[in-house]
Amino acid sequence: MRNVMPFFALAVLAAVLTSGCSQEKFQNGMYNTEEKFGRGMRNSWEIVRMGDMRRSVEQASIFDSPDQGYTTGFVRGLNKSVTRTGVGVYEMVTAPFPPYHPVLTHYIAPEPTGPESYRPGRISTGLFDTDTYMGFSGGDVAPFIPGSRFRVFDN
């Protein structure tokens, strides 16, 4: 019986820390633990992605001057990238605990941003693309089996 109690206490502590409240209302909809953790993961990759850096350089070049884009825009983008990464790590660590709404929204947007001149799409892989984009156009499913006439794309 002595060996079961520490394990049980650890299991209860893990359940309490990982469950969090199921939902909490916010202005833009419902936020919960999973969304807060996912937002934290997206934001923590900002230091690698450098979307705020590119956006700040672009915006400073357009609205101020090209010279300020490479100096002031660089420093402003570096500040926002480090801030977004810190907020992402904070949100991942505190995901089980309320509040679940985005924090520090007066300085950075809740979701990662990028330059206005570039909007990324999905990566072209077999997971997202249909078969025609991968080069399949129909035909026998198993032509090496005698009598196999089942075809994929025939109507």
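The values are calculated or read from the model by the stated rules, or taken from the named source; none is laboratory data. Since this is a predicted model, take the numbers as computed values, not measurements. Here Cβ is always computed from backbone atoms with ideal geometry, including for glycine, and neighbour counts include all displayed protein chains.
Numbers for the structure displayed
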{"item": "Wholly within segment 43-119, helices (runs of 4 or more DSSP H) carrying at least 3 residues that are under 13 Å from the mean Cα position of the chain (by Cα)", "result": "46-49, 66-93"}
{"item": "Matching residues, segment 9-54, being modelled with pLDDT under 80 and aromatic (Phe, Trp, Tyr)", "result": "Phe26, Tyr31"}
{"item": "Filtered residues of segment 95-118 (kept if in contact (Cβ under 8 Å) with a residue 40 or more places away in the chain and surrounded by 14 or more Cβ atoms within 10 Å (Cβ to Cβ))", "result": "Ala95, Pro96, Tyr100, His101, Pro102, Ile108, Pro110, Pro112, Thr113, Gly114, Pro115"}
{"item": "From Pro102, Pro115, residue being modelled with pLDDT of 60 or more, touching a Lys or Arg at 6+ places or on another chain (Cβ under 9 Å) and more than 17 Å from Ser44 (Cα to Cα)", "result": "Pro115"}
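Yes or no, residue by residue, for (1) closer than 19 Å to Glu116 by Cβ; (2) among the small types (Gly, Ala, Ser); (3) surrounded by 18 or more Cβ atoms within 10 Å (Cβ to Cβ); (4) in contact (Cβ under 8 Å) with a residue 24 or more places away in the chain:
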position: Gly38; (1), (2), (3), (4): no, yes, no, no
position: Ile62; (1), (2), (3), (4): yes, no, no, no
position: Gly73; (1), (2), (3), (4): yes, yes, yes, no
position: Thr83; (1), (2), (3), (4): no, no, no, yes
